[in-house]
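Heads up, the thing below is written out as structure tokens.
The values are calculated or read from the model by the stated rules, or taken from the named source; none is laboratory data. On a predicted model such as this, the values are computed, not experimentally measured, just so you know. Virtual Cβ from ideal backbone geometry, glycine too; neighbours counted across all protein chains shown. Protein only, heavy atoms only, side chains kept; ligands, DNA and RNA dropped before computing areas. Shrake-Rupley method; radii C 1.70, N 1.55, O 1.52, S 1.80 Å.
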Amino acid sequence: MTLSVRRRFAISASVMSLGLLALVIIGGRFYSRLRESLPRIEGIAAVPGLHATLTVKRDAMGVPVVSGSDRLDVARGLGFLHAQDRFFQMDLLRRQAAGELAELFGPDAVEADAEARVHGFRGLAAQVLERAEAPDRELLEAYAAGVNAGLADLQEKPFEYLILRTEPREWAPTDSVLTLYAMALTLQGNRARYEASLNTLRDVYGEAGIAFFAPVVTDADAALDGSTASLPPIPSERLIDVRPAEPGRIRSLPRPVPSEFTPGSNAFAVSGSRTASGGAAMVASDMHLSLNVPNIWYRASLQWPGSEVTGVTLPGLPIVVAGSNGHIAWAFTNAEVDTTDLVIVEVPASDLTSLYRINGGLERIERRQEEIAVRGEDPVQVVVPWSAWGPLVASDASGRPLALHWTMHDPAAANLELTRLEQATNADEAIVIAHAAGIPTQNFIVADAGGNIAWTIAGQLPRRVGFGGRLPVSWYFGDRSWNGYVPPGQIPVVRNPPGGNLWSGNNRPLGGRAIEVLGDSGYARPARAAQIRDRLAELDDATPAALLRIQLDDDARFLSRWRERMLALLDEAATAGNRDRTALRSAIERWDGRAAVGSSGYRIVRAWRQEVASMVLEPIFLQCRQLNPDFEWQEFQYEPALWRILDEQPPHLLQSRYLLWNDLLLAAADRVSEALDDEGLTAERATWGRRNTLRMRHPLSGILPSPLRGLLDMEAVPLPGDNDMPRVQTPGFGASERFVVAPGREGEGIFHMPGGQSGHPLSPFYRAGHDAWVRGEPTPFLPGEALYTMELRPPAAR
């Protein structure tokens, strides 16, 4: 080695050493600041406005028991905890509703912000707060004060803001209302699309097409009143004939991606006469939502003189959303009842963009200016056209605008009445509170310590005049409208049914005249609810463990007849000389009927069903998709129609490229093999676990180097379950919590939650409890032994 080479090598080594040293220093400084942003779990902190010292005790999983002198102090304490453990999550929720994500994340979030700005939720939140009763305003103000005290008590701002290099914004009482609106968007934000798709179906195939492909009531329903209905005959070839369609026209459209999930939940209850205790009734809850880090819920037990309530809270709100207060236990599922209408806006031929007709006259379309702040770039200006009935969000087949009329656009439909459940002493009181609640409409199931159970709808239901609400109509003449909300006395209630069981899986809950009140916004397929109903009927003396087993049930009953159909299809003639089909049949024969992680048979049958549905229905709905690019038949109750078509095999609904219906079914099986081959999998190795691997990610992990993402994300793990069974599970969606509890016997209750209590990766509670949720192992409903104690005091008492 020459002298010059040695010198260059020495210089390069020195530079590398200095660079490495700089990285170590920078990394060490970041780690130090990261530690400084850890939530306080012991010691003393000051919270302005407290009336007396408040105690927070946490168990080994970080679940707090918050004990205060009154309800307002407890709200301050809960706000303090939410801010320290979950402030970034709270910030994202309020920004999601207000359309302010681009301020944090830049141009990539502008489209989402623009969609949210359509609703004007920030302005509505101010109106809701102004209309609120004094005690509710005081509760939100106390909570906000606690949030800001918790944020100020951190030695360093929450770590997410260190990564984003920005400052957190203080919490305001209106931000809690925005949190409520964020849940409304998550649970019900796509309902206009469902109604628009129904309208397109009617435009193409008339009422007969809707009755056959999108019935409200089917013969397989699991309604609480047992109501079902038969499917009408297959539409004739005079109405539908797919044979003239060129295969190229069908292939030219993007293949629809089957919907992975519907935001919803399971909830069921068993009356006291059917529980092992023979006294208190019992409730089971598992709310299905997107699974992210941190998890959406925050466990807590809140105590003040004469009251104790335990369950899940939503960071951003000062209440227990679902849980037990010792007298009642309650749970929710998303109610697919109809709280939206698309109103056909009549526009004069002389001016299609500025004016519209209303009450026999003309009004000017309001154009609301919205400015979206964008990180690193100039603000984006958005114009949202509004009519008297709501924002203009789409157009019908004639080009007329469609206005979205939604209960959540009315400040009267949002309130804090749900907090009254904390004081309810029996199921009847809880029903009254549910009817007054201002939340996104939910199926509400409640059990009380006296053994009673009940179901109803929580939230406001529109009282329609002059129309049913399932399809868009014009309100021009004033003879069609909403006349306020359905009064409590007319909202359906089911109390103590004869069988002693209640259940909900986002399915249609009742039939008959109740449908006129509830409407339809796309009920979930009934298979999951039916399976819960049948499992409950099998119980003799129900226990928390028995109800947990139902929550974890991954028996694939929905696919059982698809399995039999596929086995019959792949007979000796179909598989002769065809190794791929032989492998498919072999995997199906070995299948035990469950959506287990090691099952290839489940994955294959599931994929075949999806291929068959697409190949049969896409040609039928070709005109609908050409007319409306956002048309989605997957949200219809199409399963009965699909089976009727497969059983009767009408020639006019079979693509001309296939001579026989069996040819289409075999082609669907071959598509399954081709898809597996594209993934490099054989039928035997294509297990459901490979497809159904849970990936719970932090919203900021994607911007970190790959080796560091594991610090924020939960470990990827294959899980059993799927959509059409009680154990709902997809790679990014599933049970956001599970609990089973009898009011007054909370010590016997069971609780599960994915993720952990804290949103801080260095917290001992970041992953605490997650493994138990993954494995389905029972953990206690109540917080355990206190290992950490913190006192929150008025500033003068510190």
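Give, as residue ranges, the strands (runs of 3 or more DSSP E) completely inside region 299-363 that count at least 2 residues that are in contact with a strand residue (DSSP E or B) (Cβ under 9 Å, 6 or more places away or on another chain), closer than 26 Å to Ser176 by Cβ and touching a residue at least 60 places away in the same chain (Cβ under 8 Å). I'd like the intermediate steps shown before the answer.
Details: elements: 307-313, 320-324, 328-334, 340-344, 355-358.
Ranges flagged: 307-313, 320-324, 328-334.
If you go through region 455-473 and pick out every residue that is open to solvent by 10 Å² or more (accessible area, probe 1.4 Å) and under 31 Å from the mean Cα position of the chain (by Cα), you end up with 9. Among the residues of region 193-239, those identified as farther than 30 Å from Trp503 by Cβ, open to solvent by 20 Å² or more (accessible area, probe 1.4 Å) and not small (Gly, Ala, Ser) are Arg202, Asp203, Val204, Glu207, Pro233, Ile234, Glu237, Arg238, Leu239. For region 289-338, give me each residue that is closer than 26 Å to Leu700 by Cα and open to solvent by 20 Å² or more (accessible area, probe 1.4 Å). Hits for region 289-338 are Ser290, Asn292, Pro294, Ile296.
One line per residue, one yes/no per condition, for (1) buried (at least 20 other Cβ atoms within 10 Å of the Cβ); (2) aliphatic (A, V, I, L, M); (3) touching a helix residue (DSSP H, G or I) at 6+ places or on another chain (Cβ under 7 Å):
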| residue | (1), (2), (3) |
| --- | --- |
| Val517 | no, yes, yes |
| Asp534 | no, no, no |
| Thr543 | no, no, no |
| Ala546 | yes, yes, no |
| Ala573 | no, yes, no |
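Filtering region 787-798 to residues that are part of a loop (DSSP other than H, G, I, E, B) and exposed (fewer than 15 other Cβ atoms within 10 Å of the Cβ) leaves Leu787, Arg798.
Can you name every residue in region 647-670 that is more than 21 Å from Arg243 (Cβ to Cβ) and not acidic (Asp, Glu)?
Step one: of region 647-670, the residues more than 21 Å from Arg243 (Cβ to Cβ) are 669-670.
Of everything in region 647-670, just one residue is more than 21 Å from Arg243 (Cβ to Cβ) and not acidic (Asp, Glu), namely Ala669.
On inspection, Glu160 does not qualify as closer than 22 Å to Ser758 by Cα, under 28 Å from the mean Cα position of the chain (by Cα) and open to solvent by 20 Å² or more (accessible area, probe 1.4 Å). Kindly indicate whether Leu711 is surrounded by fewer than 23 Cβ atoms within 10 Å (Cβ to Cβ) and closer than 26 Å to Leu34 by Cβ. The answer is yes for Leu711. Annotation: Asp479 fulfils all but one of (1) in a loop (DSSP other than H, G, I, E, B); (2) touching a residue at least 24 places away in the same chain (Cβ under 8 Å); (3) farther than 30 Å from Gly278 by Cβ; the unmet one is (2).
For every residue, the table says whether it meets (1) farther than 30 Å from Glu611 by Cβ; (2) outside any helix (DSSP H, G or I); (3) without any contact (Cβ under 8 Å) to a residue 40 or more places away in the chain.
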residue	(1), (2), (3)
Ala667	no, no, no
Asp670	no, no, no
Thr682	no, yes, no
Arg685	no, yes, no
Gly689	no, no, no
Pro699	yes, yes, no
Asn723	no, yes, no
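Taking the criterion of being within 25 Å of the chain's Cα centre (by Cα), open to solvent by less than 10 Å² (accessible area, probe 1.4 Å) and under 18 Å from Gly759 (Cα atoms), would at least one residue in region 178-192 satisfy it? Steps first, answer last, please.
Taking region 178-192 as the starting set, the residues that turn out to be within 25 Å of the chain's Cα centre (by Cα) are 178-192.
Next cut, open to solvent by less than 10 Å² (accessible area, probe 1.4 Å) only: 178-179, 181-182, 184, 188, 191.
In the following step, the residues that additionally are under 18 Å from Gly759 (Cα atoms) were identified as 179.
Scanning region 178-192, I find at least one residue that is within 25 Å of the chain's Cα centre (by Cα), open to solvent by less than 10 Å² (accessible area, probe 1.4 Å) and under 18 Å from Gly759 (Cα atoms), so the answer is yes.
Can you tell me which residues in region 34-48 are open to solvent by 40 Å² or more (accessible area, probe 1.4 Å) and of a type outside the set (A, V, I, L, M, F, W, C)? Hits for region 34-48 are Arg35, Glu36, Arg40, Glu42, Pro48. Taking each residue of region 482-498 that is in a loop (DSSP other than H, G, I, E, B) and looking for partners that are buried (at least 16 other Cβ atoms within 10 Å of the Cβ) and polar (S, T, N, Q) with beta-carbon atoms closer than 8 Å, six or more apart or interchain, yields Val486/Gln460; Ile491/Thr456; Pro492/Thr456; Asn496/Ser271; Asn496/Asn452.
Would you be able to tell me the number of residues in region 598-648 that are among the polar types (S, T, N, Q), assigned to a helix (DSSP H, G or I) and either closer than 16 Å to Leu666 by Cα or open to solvent by 20 Å² or more (accessible area, probe 1.4 Å) (or both)?
Keep residues of region 598-648 that are among the polar types (S, T, N, Q), which gives 599-600, 610, 614, 623, 626, 628, 634, 637.
Those still in the list that are assigned to a helix (DSSP H, G or I) too: 600, 610, 614, 623, 626, 634.
Applying the additional criterion that residues be either closer than 16 Å to Leu666 by Cα or open to solvent by 20 Å² or more (accessible area, probe 1.4 Å) (or both) yields 610, 614, 623, 626, 634.
Qualifying residue count for the region: 5.
Reported count of residues in region 548-596, each being free of Cβ contacts under 8 Å to residues at least 60 places away in the same chain and more than 29 Å from the chain's Cα centre (by Cα), is 19.
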